[in-house]
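Working notes, structure below.
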Amino acid sequence: MRIGLYGGSFNPAHAGHLHVSRTALRRLRLDRVWWLVTPGNPLKDHGVLAPLDERVAQARALATDPRIAVTGFEGGIGSRYTADTLRWLVRRQPALHFVWIMGADSLGTFHRWRRFDEILSLMPVAVIDRPGYTLTAPSARAAQAFASARIPEADAPTLAIHPTPAWTFLHGPRSALSSTALRTQ
């Protein structure tokens, strides 16, 4: 099975998250996408973060597509960093082919993530285009550091089984929705 892992605060989950998930399912030929609702992003303000169980419940109510599963298991395993979570999953599910999914906005700060290079060594990464990041994201620091690992967009359906490090940038319809903007409304 090919599983896309889409991590984030989901504070709140919204139609943009569904858009990214459906894009990844279609373009990467994934069997499932797992939403990994984080207990708290170390790079974000936790003062505006709703409790994990509320965010998981709200995300589950939104993600009615049977190919999307919502989980808050990171809190249960005590994981604070994406690299730790992915290492845990790869060890426990060696028969699954995982792809890390992120929005193009996250690629701009990916180099600040703890052990971002390990993430790219653990599994391929799919970057989904976002408004305002089409031109800047591919020149981000992490993208430049792993420029030789970028595979053509036309090869995206093979990303899940591609040797690591590997990443691709998927262009197409974009969603401007953001949790930050929704919280301020």
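The values are calculated or read from the model by the stated rules, or taken from the named source; none is laboratory data. Just so it is clear, the structure is predicted and the values come from calculations on it, not from any experiment. Every residue, glycine as well, gets a Cβ built from its backbone with ideal geometry; the counts of neighbours run over all protein chains shown. We work out accessible area using only protein heavy atoms, side chains counted, and drop any ligands, DNA or RNA first. Shrake-Rupley method; radii C 1.70, N 1.55, O 1.52, S 1.80 Å.
Label separation (residue 73 vs residue 114): 2.0 nm, computed from points 7 Å beyond Cα along the C-beta direction. If you take the Cα centroid of region 148-172 and the Cα centroid of region 1-80, the two points sit 22 Å apart.
Calculated FRET efficiency, residue 1 to residue 141, Cβ-Cβ distance, R0 = 22 Å: about 0.10 to the nearest 0.05.
Between the residues 106, 82, 152, the greatest Cα displacement towards the positive end of the dipole of the chain, with unit charges on the Cβ of Lys, Arg, Asp and Glu, is found for 152. What a 1.4 Å probe finds exposed on the chain is 53% carbon and sulfur by accessible area, rounded to a whole percent.
Quick check on region 29-102: take the gyration tensor over C-alpha atoms, sort the square-rooted eigenvalues as a ≥ b ≥ c, and tell me if it's rounded (a/c under 1.5), prolate or oblate. In terms of gyration-tensor shape, oblate. Computed extension gain for residue 84 through residue 48, at 0.36 nm per residue and net of the alpha carbon distance, reaches 10.5 nm. Per residue, region 1-107 exposes 45 Å² of solvent-accessible protein surface, assessed with a 1.4 angstrom probe and all protein chains in place. Once you've got the GNM for the chain with C-alpha springs shorter than 10 Å, pick whichever of 38, 168, 64 has the biggest mean-square fluctuation. Among 38, 168, 64, the largest mean-square fluctuation in the Gaussian network model of the chain belongs to 64.
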